[in-house]
1. Any idea which of (1) assigned to a strand (DSSP E or B); (2) in contact with a Leu (Cβ under 8 Å, 6 or more places away or on another chain) is the one Glu19 doesn't satisfy?
2. Anything in region 39-89 that is aliphatic (A, V, I, L, M) and over 21 Å from Thr116 (Cβ atoms)? List them, or say none.
3. How many residues does region 13-57 contain that are of a type in the set (Gly, Ala, Ser) and surrounded by fewer than 19 Cβ atoms within 10 Å (Cβ to Cβ)?
4. State yes or no: is Pro118 loosely packed, with under 13 Cβ neighbours inside 10 Å, not in a loop (DSSP other than H, G, I, E, B) and not hydrophobic (A, V, I, L, M, F, W, C)?
5. Could you list all residues from region 112-146 that are of a type in the set (Asp, Glu) and in contact with a helix residue (DSSP H, G or I) (Cβ under 9 Å, 6 or more places away or on another chain)?
6. Among what's in region 61-110 and is surrounded by 14 or more Cβ atoms within 10 Å (Cβ to Cβ) and of a type in the set (Lys, Arg), pick the residue that is farthest from Leu30 (Cα to Cα).
7. Output the number of residues of region 84-118 satisfying the condition of being in contact with a strand residue (DSSP E or B) (Cβ under 7 Å, 6 or more places away or on another chain) and either under 18 Å from Ile5 (Cβ atoms) or of a type in the set (D, E, K, R) (or both).
8. Could you please find all residues in region 121-146 being of a type in the set (Ser, Thr, Tyr) and in a strand (DSSP E or B)?
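Quick note: the coordinates plus some simple rules give every number you see, no bench work behind them. Owing to the predicted nature of the structure, the values given are computational and were not obtained by experimental measurement. Here Cβ is always computed from backbone atoms with ideal geometry, including for glycine, and neighbour counts include all displayed protein chains.
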Amino acid sequence: MKALIQRVRHASVTVDDRETGAIDHGLLALVGVEKGDDEPQVERLLHKLLHYRVFGDADGKMNRNLQQVDGGLLLVSQFTLAADTRKGLRPSFSSAAPPAEGERLFRRLVERARATWPRVATGEFGADMQVALVNDGPVTFLLESH
């Protein structure tokens, strides 16, 4: 599993002019599920999302995690993160998990996140979503659960 995380001041997801999720200060995580991903990778990715130190401490150094700053977590499924872009000028999605497996593992990530952290919002799996955000920094990292 992969997650492109962005430290945000605000982020929201809209589907068909309906806001499905929004957070203030926290992390927006665009999540891609690849073939071969499984439950242990869900747990590893969730651990990284909650504990990765990307928020500033009193000295301005990135020493604090999402839980330490009491931030929100907005999880958005994005299968294009699993694309192979090494060759040519068109992405290949052969490494992406099949839709049913991707949905199962994404839903499991959301379920586990909500059981662990009270401020979790989400988009809608497989929908055409509009994501709005104010990136704080900008701070963006690619996390992998392998």
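1. For Glu19, the exception is condition (2).
2. Passing the criteria: Ala58, Met62, Leu81, Ala82, Ala83, Leu89.
3. 3
4. Against the criterion (loosely packed, with under 13 Cβ neighbours inside 10 Å, not in a loop (DSSP other than H, G, I, E, B) and not hydrophobic (A, V, I, L, M, F, W, C)), Pro118 does not qualify.
5. Glu144
6. Only one residue fits best here, namely Arg64.
7. 7
8. Thr122, Thr140
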